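> Sharing a structure, written as structure tokens. Questions coming.
The values are calculated or read from the model by the stated rules, or taken from the named source; none is laboratory data. Source: prediction; values computed, not measured. Here the Cβ is made from the backbone with ideal geometry for all residues, glycine too, and neighbour counts use every protein chain on show.
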């Protein structure tokens, strides 16, 4: 088996040495989001104490990406699994990785309650506005007017409600020691910075950390490269504003 990352300096060292290139569709944003995480794990030197949990959905294809302890959970249950690992061994650095369906639909109760309890975990959520793995049905984040497999004439907010603003919801209920941000795979340096801030917040033992990343899905959007980037940059950001939404309060002792 060839060692991919030894031939490609851009590949995170924490990448699983036995893995082949990722199995996501061409143009999918998951690979970019995961590369940001891999580089952060390497830079912080925490691979030996990291537990990576991923959800059912497209995110499950990341279960063997990293050379860290990993677990693939039932749909929507990634957060309680990694929270349990963290409570059992507080020295671990745990990451829950999921899509918008796993985080904002079937797993919404876990996201809300983990945030309320200020669990010492990091949650990373890819928002591509559809249920991608099962054929492109309407998701909690589907935009008004967006056509999907179950909204062929466009999503009608009067019938199905408004898209979920996950980071804003989390920020409203978390401790002042939480970190919450929304980035996009269209801006890798900024997204990586948010991921690093989220992991560092867990390392400091402050509290719950949550990063949403806007992500493309050309397969289900039925878009070419130019259209995908335009929808991600121009349409999604109109409804989902980018930036740090909540930054933890740091005591004077911590600043010194």
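> Surrounded by fewer than 24 Cβ atoms within 10 Å (Cβ to Cβ), touching a helix residue (DSSP H, G or I) at 6+ places or on another chain (Cβ under 9 Å) and closer than 13 Å to residue 220 by Cα - does that describe any residue in region 125-133?
Yes, because at least one residue in region 125-133 is surrounded by fewer than 24 Cβ atoms within 10 Å (Cβ to Cβ), touching a helix residue (DSSP H, G or I) at 6+ places or on another chain (Cβ under 9 Å) and closer than 13 Å to residue 220 by Cα.
> Does region 154-173 include one or more residues that are loosely packed, with under 14 Cβ neighbours inside 10 Å, assigned to a loop (DSSP other than H, G, I, E, B) and in contact (Cβ under 8 Å) with a residue 60 or more places away in the chain?
no
> Assuming residue 29 fulfils every condition listed in (1) modelled with pLDDT of 95 or more; (2) surrounded by 24 or more Cβ atoms within 10 Å (Cβ to Cβ); (3) closer than 25 Å to residue 129 by Cβ apart from one, which condition is it?
Exception for residue 29: condition (1).
> Which condition number does residue 19 fail, the rest of (1) assigned to a loop (DSSP other than H, G, I, E, B); (2) modelled with pLDDT of 85 or more; (3) touching a strand residue (DSSP E or B) at 6+ places or on another chain (Cβ under 9 Å) being met?
(2)
> Anything in region 189-206 that is over 11 Å from residue 120 (Cα atoms) and buried (at least 21 other Cβ atoms within 10 Å of the Cβ)? List them, or say none.
Correct list: 191, 194, 195.
> Where the second residue is outside any loop (DSSP other than H, G, I, E, B) and at pLDDT 95 or above and the first is closer than 14 Å to residue 177 by Cβ and lies in region 243-256, which pairs have Cβ atoms under 6 Å and are six or more apart or on separate chains?
Filtered contacts from region 243-256: 246/171; 246/180; 248/179; 248/201.
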